Amino acid sequence: MISRRLLLAGFVLTTLPSFGLSPNTAVAASLNKVLDTDNDGTLDLNEVKNAASAVFDTLDKDNDSTVDRKETGSRLSSKDFSAADPDNDKTLSRDEYLALAEKLFNAADVDKDGTLNAKELRSKAGRALARLIH
C-alpha cells in the first residue's frame, strides 16, 4: 500500500509546474520534505530504501513480487532496467530494485556523507533516484 507521504509527494510534483516552480528545484525540495522522516533536511539511505520499497509495492500490479519493464513505466530507461537486472530474467525483484536505488543514492552522494541534500538531489543521479522513489 502506498503511504500518504508518497501520495503527497506525487501530488506536489505534478502540480508544481502550474505554480511556475522549476521541477528540478521543486522535486528536490519536495522529496526532502516528504520523505525526510527524521526531519534533518536530508535523505539518508534508509529513507530512500523505505520510499523505494513502497514504490515497488505500488508498481507490482500483478503481485508476483517482481516488476517488469511495463510496470516500471517511465521510471527507468531500457538501458537502466537492463543494468538493474543482473540475472537477465526481464524482471526486477525487490532486492534488485532496492540495489538500484542504493546505487543511484551513492552516485548522488558526491560528498560521501551518507545523506542527500537538495543540491545532490538535483544532480543527474539524484534526478534518476527521484524518478525511482516517487
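Bear in mind that the values in this text are calculations on the coordinates, not laboratory data. Predicted, not measured: the structure shown is a model, and the values here were computed from it.
When the Cα atoms of the range 47-109 are aligned to their principal axes, the ranges along those axes come out at 33, 23, 20 Å in descending order. Taken over the range 48-116, lysine pairs spaced eight or more positions apart, or on distinct chains, with alpha carbons under 19 Å apart number 9. On full extension, the segment bounded by ASP95 and LYS112 gains 3.8 nm, given 0.36 nm per residue less the C-alpha separation.
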